[in-house]
Amino acid sequence: MTGARISEFFGLNRWVWSLGGVLILWAILSVATSSFSLQSLSGVAVSASFLVIVALGQMLVITTGRGNIDLSIAGVITLSAFVSILVNAQAGLPVALVSVAAIGIAAGAVNAVLVVGLGIPAIIATLATGYMLATASLVANRSFAGSGVSPVLAAVAAGRIGGMPVIAIVALVVVALVSLLLGRTAYGRALSATGQNARAARLAGIRVGRVVAATFVASSVLAAFNGALLGAYVGGAFLEMGTPYILQSLGAVVLGGSLIFGGASTALGTVFGSLLLVMVVTTMQIVGLPPGTQDIVQGAVVIAVLALAGRSSIRRGRVTPRPPQPPPSGAAERLRATH
Amino acid sequence: MSVEGGEIALTLDDVSKAYAGTLAVRQATFHVRKGAVNVLVGENGAGKSTLMKIIAGVEQPTLGRILLDGKPVRFPTVADAVSQGIGMVFQELNLFGNLSVAENIFAGRELVRGPRGIDHREQQRRAGELMARLQSRIDPSAPVEDLRVGQQQLVEIAKAMSQKARILIMDEPTSALSAAEVEVLFRVIADLKRQGVAIVYISHRLEELIRIGDYITVLRDGRVTGQDTIRNVDTHWIVRQMIGRDAKDFAKDVGHRIGEIVLKADNIVLPRMTGDLAVDHVSLDVRAGEVLGIYGLMGAGRSELLDCIMGRQRLAAGTVSLCGKSINELDTTDRIGRGIALIPEDRQREGQVGIMSIAENLTMASLKRFVRGIHIVRRAERDAVTETVKDLTIKVVDPRLPVSSLSGGNQQKVVIGKALLTGPKVLLMDEPSRGIDVGAKADVFRIMRKLAAEGLGIIFVTSDLEEVMALSDRIAVMSNGKVTAMLDRKEATEAKIVAAAAAGHGPARVSQSLSEEVSA
C-alpha cells in the first residue's frame, strides 16, 4: 500500500479516526484503572446508544449542507419524554407512541417549513422551535402526576438480552437502516449531492427542497422516540433532560468524520463518534472532574475537531483550483485540423 | 502599422501576457493618446480585458514594457496605477449596494475633517456636482442598491471622474445605459477630451465606436490585427480585422436527416430585477437531429433563455412545448423527466458534485433507472457507467475516484454523460467548450454531431464565432435579449453574425441600420 493509497483510504473512510480514538481510550482506561470493567463498558454502550439515535438524525440534517442543523432536538426529547409518560398513564402505550410520533413529525415539519419554505437559517429556526417545545414541556411539567412509565418501553430502554442492552440493539438497527439509506438508496445519493452542490443537484432533477425537508422530519422523529425511551430509562421526565444532546449530537457527528459543511456523512462514524464522546465523559467521571468541567472538555473536543476538519477542507480547496479559461476563439479551426 | 496622431500618454510596448498554458496577449503594442478616445475592439477572448488590466495594474505583463510619458513604469498594484492618474470604469459594477452614492464615489479616500471624521456634507456636495456634470438627477444620498443598473453605471463613471484620472479606461460603459444616458455620457467624454484626458474605450457596439472614437486598435486571438484613426475606417473594416481576412465559410453537412420539431419556445420573456428584459420576446424551435447554435456576446440573454426553457426562472413568461405538448406547468425535475437536459455553463457550480465519484456524478440525474424496490442495483449502475465512459471516451483510471480528479475536458464529458443517461430528446448546452483543452473540445464537438445524427435536438450557446459556424445547422444570433438574426447554415457569414450580435443595442437608428446590413 503506497502512501497515497493510505491517505486515500483515510480520506474515504474518515470513521477510522474515531474508531482509533475509541480503541486507544479503551486501552488506556483498561490498563490505568481497575474500576473500568466490562460493566462500565456496557454503561458506555447504553449512553452511546441513546446518543447515536439522536446523532444520526442530526447527521442527516447536517448532510444537507448550507449550515443546516437541528437545535430543536433538545425540546423534542424533553417534550416526548413528558408526553409519552402522561399519555401512557391515561390512554395506554399505543396512543402514547402515536403521540410521540406526532410530536416528532410536527416539530420536523415546522422546521422544514421554516428552513426550506421560508428560507430562515436553520440555526435560528430550530432554536426557536426548540424554545416553543421547551415551553410546552413546562406546561406538561405542571400536570405531571408521578410515574406512568410503560413497562414495555422500560424493557426496551433498560432491559438486556443475554447481557446485551436492548437499547444498543435498537441503536444498531437504526444505524443499519441509516447506513442503507445513505449508501444504497437513491435518496441517499440525492442527499449527498444536495449537501455538496445544491445547484447541480437541482439541475440533475433532484427536488432539493423535499430532500432537505425529509431530514428535518427524520431528525425530529428520531429525537422524539429517543425522548420516550430516555424517559422510560430514567423512570420519569424532567425539564432540560434533552439539553445535553444538542452539543453531544453535533460532537458525535463531527468526531465520526462527517463533514460539518455537509454532503459527506458516515453512519458508522457517528456510532464511533458517539462512543468516543461518551467514553471521554466517562473518563472524566472516573477521574472525578466536576460536571461543569466535563462540558468544557466536550466543547473543546468538538471545536478542536472542527478546527482540524476546517483546515483539511481548505487544503482540499487549494488542490483543485478552477482551471483557467483560455480564449475560446480558434477552437473550430483546431477542430477542423483534427478531422 | 504606425499611426500618426496626437501626443502619447501611455504605451504598451510589445506586451505579452501568459496565463497557465495560454497566451492571452501576444506582442501587442498599444498607444493611448492624450485628449482622444482610444478604442479597443475585438471578439470575446481576444485579449481586450487583459490589456486593460495591465494598464490598470490588475495584471502584470509577462513580457514587454509600459511607457508612461515615454518613461518605463511598473504598476505592481492597482493603487500604483491610480497614483499615476489611471482610472477605470469596470464592466461589472464594483459598488457597495448598502452605501450611498456619495459614499461609493469617495469609498477608500473619504473626505475627512479632523477628529469629526468623514465630512458627509462635503462628500455629498461634490457627488452632487459630479452628478450634475453627468446631467443626472441621482440623489447623492440614495443607497446605490436602489438605483437602476444604468444609474449605477453613471455612479461608476462619476467615481472615476472624481479621481481626476489622466487616463480613463471605460469597459463597455454604455452596456447598461439608456439611449438618453448614452448621449450624456458622450458629452462628458467630449468634455474630458477637451481637458486632455486620454480615454481608453472598449465596446462591442461598432456604430458607437465609429461615432465616439479617435483611434482604433483591433485585437484578435491576443494579437493586434489593425490600428488606424477612426476617420479612415468603417464598420466593415472593423469586422474584417476582428474576424480575420481569411474568414471563410467552413460549415459542412454532417449528412443526416432532420426530423420533426421537438422543442418550441414561443415568445419567451424574462424580466430583470432592474425592470428591463433579460430575454425579450424570443421564439425559436429545434428539430430532431438539428443543431441550433445560439451566438451572442456575454450578457445577450443566451444563458437566461436556456434557463427559461429548463424551468429555472420563475418569472419567465411565454410557452415552451416539447413534442407539441406544453410543458409550462412543469418544474425542472419534471422537464428533465420529459426529455430536456441542460449542460450548464458553469461546470463547477452547477454541473458536478466535486467530491462525489465519477460514477455517482454520471448516474446522479438518472438514478431512478437503477432502483429496484428501494435500493440501487449496483451492477446495473456500473454497467451504465462503463458504457458511458466508453461512448464518450472519458479518460478515467477508476470511476470510483472523485470527479474533481479529472481534467476539465473529462469533467465536461461527465456532465454530458450525466445528461445523456436521462435519455433526453433535447440537449441544451451552454458554452460546452469553455475552459477545456483542444483535444477535449474536438471530442465534445464530435459527440454533439453524433448525438444529432442519432436524432437528438441540440441547442448550444457559444461566444465563439468559428465554433457556431462549424457546428450549427441553423444559427440564432442574440443581442440585448432579442434574437436579432436567424440564419440558415448556407446563408450564414461571419460578417452577418457579428453585425447581428452588435444590433439590438442602443438607439433604434443604429440597430436598424445594422439589421439592414444583415438582411442585405
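Just checking, which of A:A300, A:A304, A:A309, A:A267 is at pLDDT 50 or above, within 14 Å of chain B (Cβ to nearest Cβ) and within 19 Å of the chain's Cα centre (by Cα)?
A:A309
For the structure I just gave you, tell me whether A:Q58 is under 30 Å from A:R202 (Cα atoms) and either touching a residue at least 24 places away in the same chain (Cβ under 8 Å) or open to solvent by 10 Å² or more (accessible area, probe 1.4 Å) (or both).
yes
Do we have A:L19 as closer than 27 Å to A:M241 by Cβ, in contact with a helix residue (DSSP H, G or I) (Cβ under 9 Å, 6 or more places away or on another chain) and either at pLDDT 85 or above or open to solvent by 10 Å² or more (accessible area, probe 1.4 Å) (or both) here?
no
Looking at the range B:337-359, which of the residues that are among the aliphatic types (A, V, I, L, M) and open to solvent by 10 Å² or more (accessible area, probe 1.4 Å) is farthest from the other protein chains (Cβ to nearest Cβ)?
Among them, the one singled out is B:A359.
Give the range B:261-302 a look and list any residue that's closer than 23 Å to B:D346 by Cα, open to solvent by 30 Å² or more (accessible area, probe 1.4 Å) and out of contact with any Gly (no Cβ under 6 Å at 6 or more places or on another chain), or say none.
B:P271, B:R272, B:M273, B:M298, B:G299
For B:I394, which of the numbered conditions (1) surrounded by fewer than 21 Cβ atoms within 10 Å (Cβ to Cβ); (2) assigned to a loop (DSSP other than H, G, I, E, B) fails to hold?
Every listed condition holds for B:I394 apart from (1).
Tally the residues that are surrounded by fewer than 19 Cβ atoms within 10 Å (Cβ to Cβ) and either among the basic types (K, R) or more than 24 Å from A:V234 (Cα to Cα) (or both), restricting the search to the range A:66-104.
Summing the residues that are surrounded by fewer than 19 Cβ atoms within 10 Å (Cβ to Cβ) and either among the basic types (K, R) or more than 24 Å from A:V234 (Cα to Cα) (or both) in the range A:66-104 gives 2.
Which of (1) open to solvent by 50 Å² or more (accessible area, probe 1.4 Å); (2) among the hydrophobic types (A, V, I, L, M, F, W, C); (3) touching a helix residue (DSSP H, G or I) at 6+ places or on another chain (Cβ under 8 Å) is the odd one out, the single condition B:V385 does not satisfy?
It fails just one condition, (1).
Does any residue of the range B:307-316 turn out to be closer than 24 Å to B:S463 by Cβ, charged (D, E, K, R) and either within 14 Å of chain A (Cβ to nearest Cβ) or open to solvent by 10 Å² or more (accessible area, probe 1.4 Å) (or both)?
Yes, because at least one residue in the range B:307-316 is closer than 24 Å to B:S463 by Cβ, charged (D, E, K, R) and either within 14 Å of chain A (Cβ to nearest Cβ) or open to solvent by 10 Å² or more (accessible area, probe 1.4 Å) (or both).
Anything in the range B:427-459 that is closer than 25 Å to B:A501 by Cα and touching a Gly at 6+ places or on another chain (Cβ under 6 Å)? List them, or say none.
Within the range B:427-459, B:G435, B:I436 qualify.
For the range B:378-423, give me the residue count where each residue is in contact (Cβ under 8 Å) with a residue 12 or more places away in the chain and more than 11 Å from chain A (Cβ to nearest Cβ).
Within the range B:378-423, residues that are in contact (Cβ under 8 Å) with a residue 12 or more places away in the chain and more than 11 Å from chain A (Cβ to nearest Cβ) number 20.
For the range B:339-356, name all the residues that are within 22 Å of A:G263 (Cβ to Cβ) and modelled with pLDDT under 90.
B:D346, B:R347, B:Q348, B:R349, B:E350, B:G351, B:Q352, B:V353, B:G354, B:I355, B:M356
Go through (1) more than 30 Å from B:G275 (Cα to Cα); (2) more than 8 Å from chain A (Cβ to nearest Cβ); (3) aliphatic (A, V, I, L, M); (4) assigned to a loop (DSSP other than H, G, I, E, B) and name the single condition B:L362 misses.
Going through the list (1) more than 30 Å from B:G275 (Cα to Cα); (2) more than 8 Å from chain A (Cβ to nearest Cβ); (3) aliphatic (A, V, I, L, M); (4) assigned to a loop (DSSP other than H, G, I, E, B), B:L362 breaks only (4).
What is the one condition in (1) under 28 Å from the mean Cα position of the chain (by Cα); (2) modelled with pLDDT of 90 or more; (3) within 11 Å of chain A (Cβ to nearest Cβ) that B:D437 does not satisfy?
The number of the failed condition is (2).
If only one of B:G439, B:G481, B:G435 is at positive phi and open to solvent by 10 Å² or more (accessible area, probe 1.4 Å), which one is it?
Selected residue: B:G435, the only one of B:G439, B:G481, B:G435 that is at positive phi and open to solvent by 10 Å² or more (accessible area, probe 1.4 Å).
Answer yes or no: is there a residue in the range B:461-476 that is touching a residue at least 12 places away in the same chain (Cβ under 8 Å), within 24 Å of A:L182 (Cα to Cα) and either of a type in the set (S, T, N, Q) or open to solvent by 10 Å² or more (accessible area, probe 1.4 Å) (or both).
no
Among the residues that make up the range B:367-377, is at least one of them at positive phi and facing chain A (nearest Cβ under 10 Å)?
Within the range B:367-377, one or more residues are at positive phi and facing chain A (nearest Cβ under 10 Å).
Suppose we keep only residues that are among the hydrophobic types (A, V, I, L, M, F, W, C) and closer than 22 Å to B:L428 by Cα within the range A:189-205. Which one would you say is farthest from the other protein chains (Cβ to nearest Cβ)?
Only one residue fits best here, namely A:A198.
Write out, first by first residue and then by second, each pair whose Cβ atoms fall under 7 Å of each other, whose residues are 6+ apart or on separate chains, and whose first residue, in the range A:203-221, is touching a residue at least 12 places away in the same chain (Cβ under 8 Å) and of a type in the set (S, T, Y) while the second is open to solvent by 10 Å² or more (accessible area, probe 1.4 Å) and not in a helix (DSSP H, G or I).
none
Scan the helices (runs of 4 or more DSSP H) fully inside the range A:150-255 and keep the ones with 3 or more residues being touching a Phe, Trp or Tyr at 6+ places or on another chain (Cβ under 8 Å) and crowded, with 20+ Cβ neighbours inside 10 Å.
Result: A:208-234.
Please list, ordered by residue number, the strands (runs of 3 or more DSSP E) wholly in the range B:8-70 having 3 or more residues that are within 14 Å of chain A (Cβ to nearest Cβ) and touching a residue at least 60 places away in the same chain (Cβ under 8 Å).
B:22-33
Can you report the number of residues in the range B:193-218 which are buried (at least 19 other Cβ atoms within 10 Å of the Cβ) and not in a loop (DSSP other than H, G, I, E, B)?
Here the count works out to 14.
Starting from residues that are assigned to a helix (DSSP H, G or I) and exposed (fewer than 14 other Cβ atoms within 10 Å of the Cβ), keep the ones in the range B:92-124 and report whichever is nearest to the chain's Cα centre (by Cα).
Among residues in the range B:92-124 that are assigned to a helix (DSSP H, G or I) and exposed (fewer than 14 other Cβ atoms within 10 Å of the Cβ), the one nearest to the chain's Cα centre (by Cα) is B:R121.
Can you tell me which of B:A317, B:A359, B:A365 is modelled with pLDDT of 90 or more and under 28 Å from the mean Cα position of the chain (by Cα)?
After applying the criteria, what remains is B:A317.
The values are calculated or read from the model by the stated rules, or taken from the named source; none is laboratory data. Please read all numbers here as calculations on a predicted model, not as lab measurements. Quick reminder, even Gly has a Cβ in these numbers, built from the backbone with ideal geometry, and neighbours come from all protein chains shown. Heads up: the accessible areas ignore ligands, DNA and RNA and are worked out on the full protein's heavy atoms, side chains in. Shrake-Rupley method; radii C 1.70, N 1.55, O 1.52, S 1.80 Å.
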